[in-house]
Amino acid sequence: MAETKEKKYIPPVDFGRQTQIEHIEYSRDVVHRYSPSIRRLFNLGLTYVEDVEKQVRDEGKRALWCGPPWAMPLVYAADYLPLEYGELARLSDVDAISIAENHFQMPAEVCSMVKATVGELYKRRNSGIDKIFSMGNTCEPFNQAWEVLKDEGYDIYNGEIVFRAPGVDGERYEKILRFFLKEIESFYCWMTGARDVNKEKLFIELQRRNRIMTKIKTIMELRVPHPFYVRSLAVMYLLNGLNNYLGKPDEFEDVLDGLIDELLARGDSSEDRDRVIPLVWSGGSGQEFGVYEAVDEANGALLGFVAIAPYDKLFNLEIDPVESLARWQLDSRGAGASVYMRRALEEKIDEIGAKGLIQYGFIGCSQHGVAREMFRDYFHQKGIPSINIEGTFQVGPPSGQVLTRINAFIEMLA
Amino acid sequence: MGLLKDIIDPELTERIGNDGFIGLDIGSTTGKAVLISGGEYFTEITPTGVYAQPTADKLMEKLFKKSGRRLSDIRAVTGTGYGRVSLDFGRTPSRIITEISCHAIGCHYLNRNTQTIVDIGGQDSKAIKVDARNGKVIDFVMNDKCAAGTGRFLEKAAYLMDISMQDLGKEALKAEKPADISSQCVVFAESELISLRAKGESRANIAAGIHIATARRIKNQINRLGLSPELVFSGGVSNNHGMRAAIEDVLGIKTTALRLDAIFAGALGAAILAQGNEAALANASAG
C-alpha cells in the first residue's frame, strides 16, 4: 500500500479469466458453487459439441449443424441431434477468426460471429457431421460463409425465410404459411430422404418443447423474488439450452426440474430484492462473458431476457404439428418486423419492473444494428434508460471501454 | 493544494465532511489523485505506468508527503479510471466506481449548474448528461471503437507535426484558416496530415483543423444526449486551450471555467464518492 516506500511491485499471477471456458468454470465452481443444477447446466454446455460429435463417431448417430431455433424440434423428430453453430462459435478458440480472415480472406469488418463459425466449421470439416441447415437469407455474411464452406465438403440447406409484415393477415397470411410449410417439408426431406414429416415424432417433440419452455418460464418467474440465485451467465446458458437442449434433452429437462426445486426451497431473499437492479437483456448472448460478470458485480440482474426464441409462447398442440411449427415461427417476435421484438421488450420491461435495458449486438452485424438504435430512441422517450453494447466473438476478455459502459450504466440506474 | 471552499461550489461546500478521503483516477495516460481532509484539498498527477497499482501507490505516497496526512487519517479511497479494475487498497475501505460517475459528481461539486460534460481522455471521449440537482448521471455516450476523438489522436497528430502536445493547442489558436481534416481514423489522418504539410499548409492551420475535427466528433456525441448548459470540459485533454476553443466554436456555447484544473475532476468526484455514495448523493440532492 502507499506508505511503503520502494516496494517492489509484483504483478498478479492470476491475470483474470481470459477465455470463455475459464469464465464458465469460474461461474460453475465459484459463483454457483451452491447450486448442483447450475453446475450440471454448465457441464452440459461445456460438453455439448464434443459429446454429439462423439455420439456420431462412436455410436453412429446422426447430427447436423443448425441455427434457427424453431427448427430444433423438427431436427430431433428426424432422429438427428442438432448442433447449434452459435454454440460452437461461442466456445471457439483464437484460431477460428484467424482462419476466416486469413484462409477465407473474409474482411476484418465482417461480423465476428460469422467468422468464428466459419473458422470452427472449417476445423471440423472431417468430423463426420457435414450437414448444415440455415435460414440465412437475411444475413449476407452467413450466406457468404455457407458458400465458402460448400467447397470444404459441407452439404448445406439454406432455407428461405418467411416474413410477416405488420398487418398481414387473411389470404396473404395463409399464402405465406403455405409457402413456409413447403419449406419445412423440403428441409425434412433433405435431412431424411422422406417426403412426409413424421408427425407423431414431431408432436412428441413439440410437447417436449412446450414442457421445457414452461419450466424455463417458471425459473425466470422464480428469479424475480430470488434475483441473485441464478446469475447472468447461467441464465444465458439456460436460454441457449432452450433452443437445442444442449444435445441431451432428458438431462437438460432434469436440470430445469432441479433448479426449480432449488429456487422453491430458497428462504427469504428480501435483502437481495432491495439491492437488485432489475434489467432486461436483448439481442445476442455473445461470447464476452466478462460482460455478464460486470453486470453481476454491479448488483444488476438480467431478470428479463428477450431473444429471438421465446420461452413464453407455446406450440399449439391442437392442430397439425407441422402447421403448428410453421405458425409458431410465423407469429413469433422473430418473424421479420422489428416492432414485434419491441413489443416483447416492452412487455418484459413492464413484467419485471426493469430499471434499464441492455441491448447487445456484435460488431459488424448490419442485420440488427439499426433496430437497436430505433429501440434505444423509443425506450428513451418512454423514460427507460438503455445502452447498446457492441461485442465480439473474439476470444478474450471484453475491452475496458465495454466494461466501463456497463458499469457506468448500472451506476446510473442505482 | 488549497482550501476546498475556494474550488467547490459555495452551495455544496458544507456537504463535504472533515474526514480524509482519497480519489484515484488512473487513466490510460496519466494517473490523477485528490486527497480531501479538514477543509483542504491536495492534488497529484503522474504518468500511468505499466501497471495501475504502482501508479496508485506512487500517487498516494506523494499525496501523503504533500499533505502531511498518513494512511491512518484516511477513511476511504475510491479508485476510478481505466486502471480501476486492478486496484487494491488493502485494508483501507475502498470502492471502485467508473470515471463517468466520478466526473459527473466532481463537476457537479465544482459547479452545481453543470448539466453536460465533455470528458476527453487518453483513450476515449465521453459526453455525459448530469442531473443538476444531485450530480447523478442521466445518460452518457462513450466512443469505444478507436482512437478517434481522443487524446491519443491528438498525441499522434502532435507527433506527426513534430511539436509537443502542449504546443499543439497553443498553435491551433494562431490559425487564420483551419485546415479541413476529414479523417478521424488515426491511420488515415496521418496520410492526410502529411499531404497538408506537403502542400505547405501552416502548422497553425493544421493544428486548428485537427482540433475542429475532434470537436465535430464530440458534437455528434453531445447531439445524441442533447446539450444543456452549463457545459464543462473535463479530462486529460481539458488543459488543451485549442481543444477548448474548438469545442466552443463547434458547439456554439462557452464552457464553464472551474476553479480547479478540470483534469482532476474525476479524482475529486472519486474522493467525494469515497465519503459514501449514498451520503454524497443524498447530501447533494438536498441542495
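Computed from the coordinates by the stated procedures, all read-outs in this text should not be read as laboratory data. Given the structure is predicted, the values throughout are model-derived calculations rather than measurements. Note: ideal-geometry Cβ built from the backbone for every residue, glycine included; neighbour counts use all protein chains shown.
Laid out as a table, the results:
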item: Size of electric dipole in segment A:20-413: Cβ of Lys, Arg +1 and of Asp, Glu -1, about Cα centre, debye, nearest 20; result: 500 debye
item: Neighbour cut-off at most 13 other Cβ (10 Å), DSSP loop, trypsin sites (Lys or Arg not before Pro), segment A:173-238; result: A:ARG195
item: Amide H contacts under 5 Å for B:PHE233, placed H, 5+ residues apart; result: B:VAL118, B:THR256
item: Rh (Kirkwood; distinct C-alpha pairs) - segment B:114-257, Å; result: 15.1 Å
item: Cα-based convex hull, chain B, per residue volume (Å³, whole number); result: 116 Å³
item: Neighbour-count ranking [beta-carbon atoms within 10 angstrom, fewest first] of A:SER324, A:SER338, B:SER72; result: B:SER72, A:SER338, A:SER324
item: Student exercise, segment B:53-125 dipole from Lys, Arg, Asp, Glu Cβ charges, in Debye to nearest 20; result: 440 debye
item: Whether segment A:20-413 is rounded, prolate or oblate, judged on the alpha carbon gyration tensor where a/c under 1.5 counts as rounded; result: rounded
item: Proxy reagent accessibility, fewest Cβ within 10 Å first, across A:ILE24, B:ILE120, A:ILE204, A:ILE384; result: A:ILE204, A:ILE384, A:ILE24, B:ILE120
item: Neighbour-limited loop hits for trypsin sites (Lys or Arg not before Pro), segment B:166-252 (at most 16 other Cβ within 10 Å; DSSP other than H, G, I, E, B); result: B:LYS174
item: Check: segment B:114-257 dipole with +1 on Lys, Arg Cβ and -1 on Asp, Glu Cβ, in debye; result: 220 debye
item: Distant-in-sequence amide H partners of B:GLY49 (H built 1.01 Å from N, under 5 Å); result: B:THR55
item: Per-residue Cβ neighbour rank within 10 angstrom, fewest leading, A:TRP328, A:TRP190, A:TRP281; result: A:TRP190, A:TRP328, A:TRP281
item: Taking only Cα atoms of segment A:327-367, radius of gyration then Dmax in Å; result: 12.4, 33
item: Quotient of C-alpha Rg and 2.2 N^0.38 Å, computed over the protein assembly as shown; result: 1.05
